[in-house]
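A quick write-up on the structure given underneath.
The values are calculated or read from the model by the stated rules, or taken from the named source; none is laboratory data. Every value quoted in this text rests on a predicted model; they were computed, and no experiment measured them. Cβ coordinates were reconstructed from backbone atoms using ideal geometry, including for glycine residues, and neighbour counts include every protein chain displayed. The area values use the complete protein model at the heavy-atom level, side chains included, leaving out ligands, DNA and RNA. Shrake-Rupley method; radii C 1.70, N 1.55, O 1.52, S 1.80 Å.
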Amino acid sequence: MLSHILTKTRLFSFGKIIRWLNRQQFSESVALAVIAILVGLASGIGVWLFKQLFNVIYRYAFEGIDTPLGILHQKGIVLRFFYDLANWAGFDGIGTALGSVGNWLIYFIPVLGGLAVGLISHFIIGKERYVGIAGIMESVALGGGRLPYRKIPTKTVAAALSLGTGASVGPADPSMQIGAYVGSMFGQLLRLSDERIRALVASGVAGGIAAAFNAPIAGIFIALEIIIGELSVNAFGIVTLASVISSVFTQAVSGHEPAFRIPAYAFNSAWELPLYFGLGVLSGLGSAFYIRLHHFTRGIFDTWNVPRWFKPVVAGLVVSLVGMYLPQIFGTGYATIENILYGKPMTVTLLLSLTLARLVLTPICISSGFHGGVFAPSLFSGATLGGAYGLIARQVFPSLNISPPAFAMVGMAAVLAGTIHAPISSFILLFEMTHDYRIILPLIAAVNVSLFLSWHLQHDSVYTLGLTRKGIRLQRGRDIDVLETITVSKVMETAIVTLRESDSLAVATDLLTRKRQHGLPVLSDAGELTGIITVQDIDRAQDDDSGTARSVGEVCTRELLLAYPDETIGAALRRIGVRNVGQLPVVARNNPRHLIGLLHNTDIARAYDLTVTRRASTRHRAY
């Protein structure tokens, strides 16, 4: 009943907003700016509330758990509450028993968290069409950015429980989801076009990152680079506005400090630079392993025939068992990252153990059904890997005066870039966190090597891998596999203007000018295709100093790339990319001299837009 009343209230309020906007007759740009401000503010508030919630849960569950088993001095507020309650009630024996086993029981909090998250996911959230950041990318590419925004409060609670009870997941992805769902909500309730809703979803993602890391510029580029898939000029303005507004709110309520307090960076010698290339190699290998492990564990949990709610319980048990010896893997791991960056004593063995544990546990937790992301675990793994690498390098090259925290900082960006395949966002995020331009050179070296190696070992990022499993391959925010559903015959141009081999270059120039074409097919006197003449062919002929009048047949290009009417647009597009030509002659399959049409780049773009619109319409009806 309450949910029904709230829904009616929201619809009534937005209806009034729509009528008011219509009366004001604002320009489109002004209206979008106002909406972007609201999206940014709502995203900032939502992420701030989310952070408060999971921090409260974590403090009550794990207070003092930051040292290895055997030297813990606190038991967590939850168990201490029962300990004090038992003693107050006069049950000293129970209180003493709880005190003696408290240090062990506290490590099984992830199991309880897995049970709670599993029950919420199974009975309240239910089966989802769009899951995680990959789901947002799919929605933007194929579904017009329309997300089921009514689920975001429940999903936020599930994510807070996952993080608060120690699952090896990160808060950045849920923060991005909060912003994306907020942006989609505004777009849907205001009945905006699909293009505008996509831009608002990206704006919400930017606001979510800005609030999560206090890094507004990184939020902008993550939204454009990951969600939209390209640096879109049309979306840049409102994405920027939402990110800035979200960051302003976050700084107003939480201060100006970034996500990590990082000491001053020192680049002591140019001889250090080759060592950063080595760190890039290790980061790329680790990132590729991390991505493939996500694919592997997802397959295991998807095929495991047990109740859905039970799977996070098993993952929580695995986290608990590892956490008995490596308690740093519980939760976000931000405290451990800061300890590494400030150079607090840690052994190489511990750092490498933390790296491997996080790389393995995060795919297990996410695949099992815990709500959280891969963003922060990538930063954690990069910091521990870079810290261990820096300690080894300092021992091997003592004369270079190497600072291991510097390698930890660069490792964070290198592993992140190799994992999400977004180098610009990785550059900027770390630069915003350090506020130090001197880190740029080693940062570029390590990030580029990591991305190059990770991409060659695993073409899909950790986000697009899930889409590829569903048969969706995105490039620049578009599903290129959708072109495999259209044949050339459906979009080719059949009203063809042609030239004869015997025509003069003057005739060809005049026809190309009048038809505003860059090239035309050339036929023999028998009407068979012999070549194509382009503006470049004519320019080269006119530059010839021979002064001899030449015909079209003498200067046209005769080595042709051809298309066939029964093949797909995707196949033709790949052939166009071989020489970067603007059109392909379409010929009969049994007679390559019989011209039946022309396929232009513009025809392919039109076909793509038409098919995506139809697919999105189908999905909207099914949703």
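For the reader, a short list of remarks on this structure follows.
- Among the candidates L443, L499, L451, L520, residue that is at pLDDT 85 or above, open to solvent by less than 40 Å² (accessible area, probe 1.4 Å) and in contact with a Pro (Cβ under 6 Å, 6 or more places away or on another chain): L451
- From the options A159, A215, residue that is within 30 Å of L317 (Cα to Cα) and touching a residue at least 12 places away in the same chain (Cβ under 8 Å): A159
- Flag set for V157, criterion: in a helix (DSSP H, G or I), open to solvent by 60 Å² or more (accessible area, probe 1.4 Å), at pLDDT 85 or above and closer than 27 Å to I209 by Cβ.
Conditions (1) free of Cβ contacts under 8 Å to residues at least 60 places away in the same chain; (2) open to solvent by less than 10 Å² (accessible area, probe 1.4 Å); (3) not in a helix (DSSP H, G or I), marked per residue:
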{"position": "P363", "(1), (2), (3)": "no, yes, no"}
{"position": "H371", "(1), (2), (3)": "no, no, yes"}
{"position": "S378", "(1), (2), (3)": "no, yes, no"}
{"position": "L385", "(1), (2), (3)": "no, no, no"}
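- Some residue of the stretch 353-368 being among the small types (G, A, S) and within 21 Å of the chain's Cα centre (by Cα): yes
- Only a single criterion out of (1) crowded, with 23+ Cβ neighbours inside 10 Å; (2) touching a Lys or Arg at 6+ places or on another chain (Cβ under 6 Å) is not satisfied by Y290, namely (2).
- Residue that is most open to solvent (accessible area, probe 1.4 Å), among those in the stretch 387-402 that are without any contact (Cβ under 8 Å) to a residue 12 or more places away in the chain and not hydrophobic (A, V, I, L, M, F, W, C): Q395
- Test for L112: is it surrounded by fewer than 18 Cβ atoms within 10 Å (Cβ to Cβ), modelled with pLDDT of 85 or more and over 25 Å from G466 (Cβ atoms): yes
- When the stretch 115-144 is filtered for residues that are within 16 Å of the chain's Cα centre (by Cα) and farther than 17 Å from D173 by Cα, the ones remaining, listed by number, are A141, L142.
- Single match in F289, F310, F260 (criterion: out of contact with any Ser or Thr (no Cβ under 6 Å at 6 or more places or on another chain) and modelled with pLDDT under 90): F260
- Residues (farther than 17 Å from F213 by Cβ, open to solvent by 10 Å² or more (accessible area, probe 1.4 Å) and in contact (Cβ under 8 Å) with a residue 60 or more places away in the chain) located in the stretch 403-426: S403, P404, P405
- Close contacts from the stretch 295-319, counting a first residue that is closer than 26 Å to D460 by Cβ and a second that is in a helix (DSSP H, G or I) and open to solvent by 70 Å² or more (accessible area, probe 1.4 Å), with Cβ to Cβ under 6 Å and a gap of 6+ residues or different chains, come to R308/H122.
- Qualifying residue in the stretch 125-141 (condition: farther than 28 Å from T336 by Cα, open to solvent by less than 10 Å² (accessible area, probe 1.4 Å), in contact with a strand residue (DSSP E or B) (Cβ under 6 Å, 6 or more places away or on another chain) and touching a residue at least 12 places away in the same chain (Cβ under 8 Å)): yes
- Residue satisfying all of: in the stretch 325-357; within 19 Å of N55 (Cα to Cα) and touching a helix residue (DSSP H, G or I) at 6+ places or on another chain (Cβ under 6 Å); surrounded by the fewest Cβ atoms within 10 Å (Cβ to Cβ) among these: G333
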